[in-house]
Amino acid sequence: MSDTANNPNRKSWIPVEKDSDFPIQNIPFGVFLTRDDVITIGTRIGNTAIDLGALHQLGYFNDIPLTDDIFLQDTLNDFISDGKKTWRLVRNRIAKIFDEKNESLKNNKEHRKIVLFTLDEIEMQLPVQIGDYTDFYSSKEHATNVGTMFRDPDNALLPNWLHIPVGYHGRSSTIVPSEIPIRRPMGQTMPAGASEPVFGSSKLVDFELEMAFITTDANLMGEPIPIEEAEEYIFGLVLFNDWSARDIQKWEYVPLGPFLAKNFASSISPWIVTLDALEPFRVESPKQDPEPLPYLKYEGKKSFDIHLEVDLAPENGTPQTITKSNFKYMYWNMAQQLAHHTINGCKVNSGDMMGSGTISGPTPDSYGSMLELTWRGEKPLKMNDGSERKFINDGDTVSMRGYCENDQVRIGFGEVSNKLLPPFNPKKNKK
Ligand code: CA
């Protein structure tokens, strides 16, 4: 079935600013709370949020096979479970309803009042109930930088790295949407030169610039997903900030990998941009040498040209851009990650989330974490207000943005923006 929603010439009767991330060619999916305290599944064109539950009740999706309550839910999991054919039918229909030439909803004032919201009338929620969360480690530049700092510059990549999309299982319980503040975590660290560990708040809180993809029900336990089918099971992507406590991480990560240094918080942009919407922005992935094993070999363009940037804003200060990277730098692509994840028969469900790993580019101004940007704190960043940053301070806000652009259309992700709060204080923070 053709993907008519991507038609770059289509215009909407909903106003869209020139540099908007959300033209009618995007049609992302999210979950929001409305002014009437109703939770619903929706989409967005320009700065207008659209209640898909209400649209469905009013009959605008009538001839598409959907259950009556598919959009009247607090997560997208069931809709994602319906599979790619349904996602396409719905996206194509939304494009048609909001096409400037279509007058049915455009000229129905009563319906418009029920269906459309301004952004200040809604509150974005987590779009899916995340069953399982996996984080990969798929940027060669990032893995090389970290290996150089923490182990050995001559052997920065461990022997498995060029053969396996390395990953680990994280926790989904502390993944939050944009705008939710994050608390500086407490934990155990081994200060430099000390012989005993100490307990206290992390001194080295960091961001990790990542993207995450969200899957549909993909396979039965015991059955791998072949690489050539993998993209069929990817619903879409969000921006992903994998908050990290570097001092806790350094002390705890041997031998089993990250644990409490990572699971205190990760945050995501609330609109899921579908893989379909990203189609025009496919690019080649970096050449892989050595050649991967046959189950990881792929054909065609499996990466996407997504510009990424991170702003840091001190409390009451103005944001400044501290890095610019791109999703296309990833050495291992999403199809390889999903094929590898399931090659042993591991089951993937609707609403699972897979982080890319920190996406660092080749140059120091494209690194995806403070750890790399300041090289472990040795080269602090200069802020516009005269202060310096080695890592994230209490009161700082970290904002990530991502967008694709060609001469016809811009498809963006909006942002994930969260403030870092001081550590939890049991006396002060009593409920
Ligand atoms: Ca990570």
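The values are calculated or read from the model by the stated rules, or taken from the named source; none is laboratory data. Values in this document were obtained by computation on a predicted structure and should not be read as measured data. Positions of Cβ are generated from backbone atoms using ideal geometry, with glycine treated the same way; all protein chains shown enter the neighbour counts. Protein only, heavy atoms only, side chains kept; ligands, DNA and RNA dropped before computing areas. Shrake-Rupley method; radii C 1.70, N 1.55, O 1.52, S 1.80 Å.
Kindly state which strands (runs of 3 or more DSSP E) lie completely within the range 136-219 and contain at least 2 residues that are touching a residue at least 40 places away in the same chain (Cβ under 8 Å) and within 16 Å of the ligand (Cβ to nearest atom). Don't jump to the end; show me each part of the working.
On the way: elements: 167-169, 175-177, 186-189, 198-201, 209-215.
The qualifying strands (runs of 3 or more DSSP E) are 167-169, 175-177, 209-215.
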> Which is in contact with a strand residue (DSSP E or B) (Cβ under 8 Å, 6 or more places away or on another chain) and acidic (D, E), of E231, E210?
Replying inline: E210
> List, please: which pairs have Cβ atoms under 8 Å, are six or more places apart or on different chains, and start with a residue in the range 4-29 that is under 15 Å from R44 (Cα atoms) and end with one that is of a type in the set (V, I, T) and open to solvent by 50 Å² or more (accessible area, probe 1.4 Å)?
Replying inline: F22/V16; P23/V16; I24/V16
>> For T40, only one of the following conditions fails: (1) part of a loop (DSSP other than H, G, I, E, B); (2) within 24 Å of S178 (Cβ to Cβ); (3) not charged (D, E, K, R). What is its number?
In response: (1)
> Looking at (1) crowded, with 20+ Cβ neighbours inside 10 Å; (2) within 24 Å of E388 (Cβ to Cβ); (3) not polar (S, T, N, Q), which is the only condition Y137 fails?
Replying inline: (2)
> Within the range 242-252, restricting attention to residues that are more than 12 Å from the ligand (Cβ to nearest atom) and open to solvent by 20 Å² or more (accessible area, probe 1.4 Å), which residue is nearest to Y133 (Cα to Cα)?
Replying inline: E252
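Kindly indicate whether any position in the range 254-265 is free of Cβ contacts under 8 Å to residues at least 40 places away in the same chain, among the hydrophobic types (A, V, I, L, M, F, W, C) and either surrounded by 19 or more Cβ atoms within 10 Å (Cβ to Cβ) or within 14 Å of the ligand (Cβ to nearest atom) (or both). Working first, answer last.
So the first thing to find is which residues in the range 254-265 are free of Cβ contacts under 8 Å to residues at least 40 places away in the same chain, and the list is 254-256, 259.
Subsequent filtering for residues that are among the hydrophobic types (A, V, I, L, M, F, W, C) retains 254, 256, 259.
Now restrict to residues that are either surrounded by 19 or more Cβ atoms within 10 Å (Cβ to Cβ) or within 14 Å of the ligand (Cβ to nearest atom) (or both): 259.
Within the range 254-265 (the criterion being free of Cβ contacts under 8 Å to residues at least 40 places away in the same chain, among the hydrophobic types (A, V, I, L, M, F, W, C) and either surrounded by 19 or more Cβ atoms within 10 Å (Cβ to Cβ) or within 14 Å of the ligand (Cβ to nearest atom) (or both)), the answer is yes, since at least one residue qualifies.
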>> Tell me whether the range 19-30 contains one or more residues that are open to solvent by less than 10 Å² (accessible area, probe 1.4 Å), hydrophobic (A, V, I, L, M, F, W, C) and closer than 13 Å to F117 by Cβ.
In response: no
>> Just to be sure before I move on: is D68 more than 21 Å from L275 (Cβ to Cβ) and in the same structural domain as N9 (by TED's automatic domain parsing) in the structure I sent?
In response: yes
> Any chance the range 397-407 includes a residue that's within 16 Å of the ligand (Cβ to nearest atom) and either part of a loop (DSSP other than H, G, I, E, B) or not small (G, A, S) (or both)?
Replying inline: yes
>> Tell me yes or no: at least one residue of the range 225-238 is closer than 25 Å to K419 by Cβ, within 16 Å of the ligand (Cβ to nearest atom) and not in a loop (DSSP other than H, G, I, E, B).
In response: yes
